[in-house]
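Below is one structure, written out as structure tokens; comments come after it.
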Amino acid sequence: MLQLHSSPVIAEKHAFLLADLGGLLPAHLTYTPPPDRAQPGATQPGATQPDRIPSDREPRDATTQDALQARARADCAVPDGTPGVKQLNLWAFAAQPLPQNAGSAAWFCLRADRWTGEGSAATAVLLPSARGPQRTGGGPGRSCSRFEQDTVAWTWWRSPQGAEYLLAAGSRRVTRLIVRGPDWSVDRPAPDRTLTVERPARAAVRVEALLDNGSRINPPP
């Protein structure tokens, strides 16, 4: 990676991060920070209720300390690191406290956009004591771009005490998370956009998220 800075004679101080992926042009590395925890809540008394929750922030240059730390921890889950990639964005869309005081899980969506206009995305979770991020889904398409700003992901996790949990997390506009198993289901409001369900054994499940406008989304395959 290479970080470049604007000339000191320029009034606007600017810096940006590039990565050499083996092509003629380097890829621009950007970062979208996690949503403000106060954002999804109700408006202040007397304030006008907006038509919809504001969309997630636009990607910015990955030069701040939190952006560099996030990229260092999660970049190995990028969906496409081949020549021809124009931009790689890392979106930290949720943070989830884990049961039994085991720390927290960090949820990311990594997007690669190519000079041809094509793109792909991958959701990933970074768990405590894990060596790297765990991919939870993804593939070609518009996921995690400005054209498709809502996402949800899930994974199984075993606590240090050996208990099995299903973890799920969604982006800013998610208000409810639904999980359906072979003979059970969980349907709960998700004010912090996360869900933790303890199960005695892992099984095939289907996860779904309800958005603030009533529409439903599913995790990427």
Over the alpha-carbon set of segment 111-161, divide Rg by the Kirkwood Rh and report the Rg/Rh ratio to two decimals.
-> 1.09
Helical mean residue ellipticity (222 nm; -39500 (n - 2.57) per DSSP H run of 4+; nearest 500) of the chain | -1500 deg cm²/dmol
Result for the chain, cysteines with no Cys Cβ partner under 4.7 Å, is Cys76
Expected max-MSF residue from Val174, Val152, Val197 in the GNM of the chain (alpha carbon, under 10 Å) is Val197
Taking a probe of 1.4 Å, how large is the accessible area per residue of segment 99-152, in Å²?
-> 50 Å²
Go through segment 83-93 residue by residue and turn each phi into a ³J(HN,Hα) via Karplus (6.51, -1.76, 1.60, θ = phi - 60°); whole Hz please, and just put x for glycine and proline.
-> x, x, 7, 8, 8, 10, 10, 10, 10, 8, 8
Taking the dipole of the chain about the Cα centre (Lys, Arg +1; Asp, Glu -1; charges at Cβ), the one of Ala163, Pro99, Gly214 that reaches farthest to the positive side is Ala163
Pull up the DSSP beta bridges for the chain and report the antiparallel fraction as a percent, rounded to 5.
-> 90 percent
For the chain, alpha-carbon Rg over 2.2 N^0.38 Å = 1.09
Heavy-atom accessible area of segment 65-116 with neighbours in place, 1.4 angstrom probe: carbon+sulfur share in percent works out to 52 percent
Working from Cα positions, state the angle (0 to 90°, nearest 10) between the long axis of helix 65-74 and the longest principal axis of the chain.
-> 70 degrees
GNM result for the chain, Cα springs below 10 Å: residue of Asp192, Asp183, Asp80 fluctuating most strongly | Asp183
Relative contact order of the chain, defined on C-alpha pairs under 8 angstrom at six or more residues apart (%) = 15 percent
Quote the charge dipole size of the chain about the Cα centre in Debye, to the nearest 20; the model charges only the Cβ of Lys and Arg (+1) and of Asp and Glu (-1).
-> 300 debye
Counting only protein chains, not ligands or nucleic acids, how are Trp115, Trp157 ordered by accessible area (probe 1.4 Å), most first?
-> Trp115, Trp157
Hey, got the dipole for segment 121-219? About the Cα centre, +1 on K and R Cβ, -1 on D and E Cβ, debye to the nearest 20?
-> 220 debye
Which distance in Å, rounded to a whole number, links the C-alpha centroids of segment 142-195 and segment 85-107?
-> 12 Å
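The values are calculated or read from the model by the stated rules, or taken from the named source; none is laboratory data. All values reported here derive from a predicted model rather than from experimental measurement. Quick reminder, even Gly has a Cβ in these numbers, built from the backbone with ideal geometry, and neighbours come from all protein chains shown. Side chains are part of the model used for accessible areas, which takes the heavy atoms of the whole protein and leaves out ligands, DNA and RNA. Shrake-Rupley method; radii C 1.70, N 1.55, O 1.52, S 1.80 Å.
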